[in-house]
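Visitor: I'd like to ask some things about the structure below.
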Amino acid sequence: MITRSRTLRNSGQLNPPLRPRLSVEELLAAKNTQPIRSLDDLAADTFESDEELEQFLALTYAERHRDAA
C-alpha cells in the first residue's frame, strides 16, 4: 500500500493534491438537501418550556456581562 506521505515524497510535491472544486449545486445534491420552503422548516424545540428559555437567557446575559462589572 502506498501511503500519502510516500506518494508526496516520491512526486516531489510539498502539498497534497487539490480536491476537485464542486459548485454549490453539486455540493447540495451530494448531501441530498432540500430548499427551505417556510420558516417552520427552521423551527426547533430547543427548550422544553418558557421557564427553561428564560433561565438560559438570564445565564447568557450574566455571563456576557460578568467581566464588565
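Visitor: Could you run the Karplus curve 6.51 cos²θ - 1.76 cosθ + 1.60 with θ = phi - 60° over the range 54-59 and give me ³J(HN,Hα) per residue in whole Hz, x for Gly and Pro?
Guide: Here the 3J(HN,Hα) series is 4, 5, 4, 5, 5, 5 Hz.
Visitor: Calculate one ³J(HN,Hα) per residue across the range 14-19 by plugging θ = phi - 60° into the Karplus curve 6.51 cos²θ - 1.76 cosθ + 1.60, and present them in order as whole Hz with x for glycine and proline.
Guide: 8, 10, x, x, 6, 6
Just so you know, all these numbers are worked out from the coordinates, no wet-lab data involved. It should be emphasised that the depicted structure is a prediction, and the values quoted were computed from it without experimental measurement.
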